[in-house]
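Input: a single structure, listed below in structure tokens.
The values are calculated or read from the model by the stated rules, or taken from the named source; none is laboratory data. All figures in this text were calculated on a predicted structure; none of them were measured in a lab. Backbone-built Cβ (ideal geometry, glycine too); neighbour counts: all protein chains shown.
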Amino acid sequence: MGAHPLIWQPLPEIVARRGQRDDEVDDLIGLLIEHGSAAAGSPADIRLVAETVALACLGDNHLWQDLQLPSRAELSALMNRWFPALAARNDRDMKWKKFLYKQLCEREEIFICRSPSCAVCSDYAKCFGPEDGHASGSGIE
């Protein structure tokens, strides 16, 4: 990622969802801004990137796809640059959208996972499995 923040145009369905999910978007923005790096850019740039990532979380595909990035590696680089403390917490390489929402749930002490740990969860592949470059439309990150 270059020095300039993301240049991104949300898909119409993402724009339409924002009004129904403003609280969720605001929570994601807050989480990201809390972990923003002053070395990455100005507070305004950090906020812009946080808003972009939060809005893209409303999409139906993998977060990197909804951000219109070429790969998950690009998204990981973006997260490491702009939100390094948060990215460091994703030490098991959980899919980014799932990871961000898991952080929000943990912040509110909402534990929705049925398994005592990810290692024994029957849905492990859904959170940590490979991500191909095809849009799934399945609503998972």
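On the basis of being surrounded by fewer than 19 Cβ atoms within 10 Å (Cβ to Cβ), β-branched (V, I, T) and either in contact with a strand residue (DSSP E or B) (Cβ under 6 Å, 6 or more places away or on another chain) or touching a residue at least 12 places away in the same chain (Cβ under 8 Å) (or both), does I46 make the cut?
On the way: surrounded by fewer than 19 Cβ atoms within 10 Å (Cβ to Cβ): no; β-branched (V, I, T): yes; either in contact with a strand residue (DSSP E or B) (Cβ under 6 Å, 6 or more places away or on another chain) or touching a residue at least 12 places away in the same chain (Cβ under 8 Å) (or both): yes.
Considered against the rule, which asks whether it is surrounded by fewer than 19 Cβ atoms within 10 Å (Cβ to Cβ), β-branched (V, I, T) and either in contact with a strand residue (DSSP E or B) (Cβ under 6 Å, 6 or more places away or on another chain) or touching a residue at least 12 places away in the same chain (Cβ under 8 Å) (or both), I46 comes out as no.
Conditions: (1) under 17 Å from K97 (Cα atoms); (2) modelled with pLDDT under 90; (3) part of a loop (DSSP other than H, G, I, E, B). A3 meets all but one. Number of the miss?
The single condition A3 does not satisfy is (1).
Restricting attention to helices (runs of 4 or more DSSP H) lying wholly within the stretch 6-122, give those where 3 or more residues are at pLDDT 90 or above.
Numbers: elements: 12-18, 22-34, 43-56, 63-66, 72-82, 84-89, 96-107.
By residue number, 22-34, 43-56, 63-66, 72-82, 84-89, 96-107.
Among the residues of the stretch 4-23, is there at least one that is free of Cβ contacts under 8 Å to residues at least 24 places away in the same chain and surrounded by 13 or more Cβ atoms within 10 Å (Cβ to Cβ)?
No, because not a single residue in the stretch 4-23 is free of Cβ contacts under 8 Å to residues at least 24 places away in the same chain and surrounded by 13 or more Cβ atoms within 10 Å (Cβ to Cβ).
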